[in-house]
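*Asks:* Here's a structure for you.
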Amino acid sequence: MSTNAERVADRAVGDRTTSPLGIGCWAIGGPFRFDGRPAGWGEVDDAESIRMIHAAVDGGIRLFDTADVYGTGHSERVLGKALGQLPAGARDDVIVATKFALQFDETTRTGAGEDVSPPAIRSACEASLRRLGTDAIDVYQLHGGVSTGAVADEVVATLTELVAEGKVKAFGTSADVPEVMASFAQSPHAVTVQTQINVFGHQPEVLTAAHQHNFAVLARSPLAMGLLTGKYTLANRPALDDVRRDTPWWTYFDDDAMGEWLQRLDAVRDLLGTGGRTLTQGALGYVWALDPAIIPLPGARTAAQAVEHAEAVAFGPLPTAIREQIDELLADSPDRH
């Protein structure tokens, strides 16, 4: 393992400093459906989810990313409960980033559509504050429903009001369209953009824009929805009611595509293990090696997973030469085009 001197550095998120690694909390939300499709990661054990969050904090992780729609409110409730059990000083150091815009019903655990009107944003904010058990959201992120600067300007105006009212400390966008990023950047309270980044590819233009706007980059899917952990094979895939098996956003576990993704993983498996890293830790190291603005957000469901993620920090970024070899070997990845 690398020495402590080589640990990856903390990251700036606006005027705050946080860990170079966060935890994504989609998977702890439990089953729900969105647009008629499974949108959760299967059944959850809330007690284990809370142990996971505590293990992450014990390991130095101080950023948790969730959304109101995850489990139709359940992820926020569990995260709020877990963080509420921490000592006051430890809780104060944690940044919670959540999202708004997707519409859902907690009673039926179903959702569909988007709403970014001022009343909808305000209602969503109040509901998230209640579920998280907090007076102010650290980073409030647009989840979707905006693709033009004009609409983004209206969203930013509402978010700015929420900052003035003390309900939101800072905000960001998970809609990574450069035009939307530019609209958010007009406000000094906009501090993050969330975008997909992993060894299979990313959008360079988003990283360029993030630097132009001085945004921290929250990297979703740094483990390719779990494929990069090495846990899954053609004979061992997520359950049929798992969002990863029926989604328009990724093909990692699709019947006609998974084999090729596994071949790509095999091509870089040894490189990801450089220095004694696990595959998971190597995948995180690759993301850190790309850009110092990036904070990867691997998902976790168990305390053991959180510990493995946290221990990746001590290994630091993959060496530049290794990252370049991975880029060359995976040049044919659809996520790079």
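*Asks:* Going residue by residue through the stretch 73-85, is there one that turns out to be farther than 18 Å from Leu297 by Cβ, out of contact with any helix residue (DSSP H, G or I) (no Cβ under 9 Å at 6 or more places or on another chain) and not β-branched (Val, Ile, Thr)?
*Replies:* Within the stretch 73-85 (the criterion being farther than 18 Å from Leu297 by Cβ, out of contact with any helix residue (DSSP H, G or I) (no Cβ under 9 Å at 6 or more places or on another chain) and not β-branched (Val, Ile, Thr)), the answer is no, since none of the residues qualifies.
*Asks:* Further, regarding this structure: Does Phe64 satisfy being aromatic (Phe, Trp, Tyr) and under 26 Å from Pro292 (Cβ atoms)?
*Replies:* Details: aromatic (Phe, Trp, Tyr): yes; under 26 Å from Pro292 (Cβ atoms): yes.
The answer is yes for Phe64.
*Asks:* Pairs, please: C-beta under 6 Å, at least 6 apart or cross-chain, first residue among the basic types (Lys, Arg) and in the stretch 150-176, second not in a helix (DSSP H, G or I)?
*Replies:* Every condition considered, the pairs that remain are Lys167/Ala136; Lys169/Ala136; Lys169/Asp138.
*Asks:* Within the group Ala82, Ala67, Ala97, which residue is free of Cβ contacts under 8 Å to residues at least 40 places away in the same chain and either at negative phi or of a type outside the set (A, V, I, L, M) (or both)? Spell out the reasoning first.
*Replies:* Values: Ala67 fails: free of Cβ contacts under 8 Å to residues at least 40 places away in the same chain; Ala97 fails: free of Cβ contacts under 8 Å to residues at least 40 places away in the same chain.
Of the residues listed, the single one that is free of Cβ contacts under 8 Å to residues at least 40 places away in the same chain and either at negative phi or of a type outside the set (A, V, I, L, M) (or both) is Ala82.
*Asks:* Hand me the list of strands (runs of 3 or more DSSP E) wholly inside the stretch 25-127 holding 1 or more residues that are more than 21 Å from the chain's Cα centre (by Cα).
*Replies:* Details: elements: 63-65, 95-100, 102-105, 110-114.
Ranges flagged: 102-105, 110-114.
*Asks:* Being outside any helix (DSSP H, G or I), polar (S, T, N, Q) and within 20 Å of Thr280 (Cβ to Cβ) is the filter here, so list the residues in the stretch 196-249 that pass it. Lay out the reasoning, then the answer.
*Replies:* Step one: filter the stretch 196-249 for residues outside any helix (DSSP H, G or I), giving 196-203, 214-223, 230-242, 246-249.
Next, from what is left, pick out any that are polar (S, T, N, Q): 196, 198, 203, 214, 221, 233, 236, 247.
The answer is Gln196, Asn198, Ser221, Thr233, Asn236.
*Asks:* Another question about this same structure. Take the stretch 221-263 and flag every residue that is in contact with a Leu (Cβ under 9 Å, 6 or more places away or on another chain) and surrounded by 20 or more Cβ atoms within 10 Å (Cβ to Cβ).
*Replies:* Hits for the stretch 221-263 are Ser221, Pro222, Leu223, Ala224, Leu227, Leu228, Tyr232, Arg244, Tyr252, Phe253, Trp261.
*Asks:* Are any residues in the stretch 231-289 free of Cβ contacts under 8 Å to residues at least 12 places away in the same chain and either more than 30 Å from Thr110 (Cβ to Cβ) or in contact with a Gly (Cβ under 7 Å, 6 or more places away or on another chain) (or both), and if so, which ones?
*Replies:* Ala235, Glu260, Gln263, Asp266, Asp270, Gly273
*Asks:* Would you mind listing the helices (runs of 4 or more DSSP H) fully within the stretch 259-337 where at least 2 residues are farther than 27 Å from Ser49 by Cβ and not hydrophobic (A, V, I, L, M, F, W, C)? Before the answer, list the steps.
*Replies:* Details: elements: 279-290, 303-315, 320-329.
Once the helices (runs of 4 or more DSSP H) in the stretch 259-337 are filtered for at least 2 residues that are farther than 27 Å from Ser49 by Cβ and not hydrophobic (A, V, I, L, M, F, W, C), what remains is 320-329.
*Asks:* Now for a separate question. Any idea which of Arg109, Arg7, Arg37 is touching a Phe, Trp or Tyr at 6+ places or on another chain (Cβ under 9 Å), surrounded by fewer than 22 Cβ atoms within 10 Å (Cβ to Cβ) and either among the polar types (S, T, N, Q) or within 29 Å of Ser147 (Cβ to Cβ) (or both)? Outline the logic, then answer.
*Replies:* Values: Arg7 fails: either among the polar types (S, T, N, Q) or within 29 Å of Ser147 (Cβ to Cβ) (or both); Arg37 fails: touching a Phe, Trp or Tyr at 6+ places or on another chain (Cβ under 9 Å).
Step by step, each of Arg109, Arg7, Arg37 is checked, and only Arg109 is touching a Phe, Trp or Tyr at 6+ places or on another chain (Cβ under 9 Å), surrounded by fewer than 22 Cβ atoms within 10 Å (Cβ to Cβ) and either among the polar types (S, T, N, Q) or within 29 Å of Ser147 (Cβ to Cβ) (or both).
*Asks:* Continuing with this model, one more query. Among the residues of the stretch 178-196, are any at pLDDT below 95 and not charged (D, E, K, R)?
*Replies:* Yes: the stretch 178-196 contains one or more residues that are at pLDDT below 95 and not charged (D, E, K, R).
*Asks:* Restricting to the stretch 166-191, count the residues that are within 18 Å of Ser221 (Cα to Cα) and either of a type outside the set (S, T, N, Q) or surrounded by fewer than 23 Cβ atoms within 10 Å (Cβ to Cβ) (or both).
*Replies:* First, pick out the residues of the stretch 166-191 that are within 18 Å of Ser221 (Cα to Cα): 172-177.
In the following step, the residues that additionally are either of a type outside the set (S, T, N, Q) or surrounded by fewer than 23 Cβ atoms within 10 Å (Cβ to Cβ) (or both) were identified as 172, 174-177.
Of the residues in that region, 5 qualify.
Okay, residues lined up against (1) at pLDDT below 95; (2) more than 16 Å from Ile137 (Cβ to Cβ); (3) out of contact with any Gly (no Cβ under 6 Å at 6 or more places or on another chain):
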position: Gly14; (1), (2), (3): no, no, yes
position: Trp41; (1), (2), (3): no, yes, yes
position: Val57; (1), (2), (3): no, yes, yes
position: Ala67; (1), (2), (3): no, no, yes
position: Gly73; (1), (2), (3): no, no, yes
position: Val78; (1), (2), (3): no, yes, yes
position: Ala90; (1), (2), (3): yes, yes, yes
position: Val96; (1), (2), (3): no, no, yes
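The values are calculated or read from the model by the stated rules, or taken from the named source; none is laboratory data. Given the structure is predicted, the values throughout are model-derived calculations rather than measurements. All Cβ positions, even for glycine, are placed from backbone atoms using ideal geometry, and neighbour counts span all protein chains on display.
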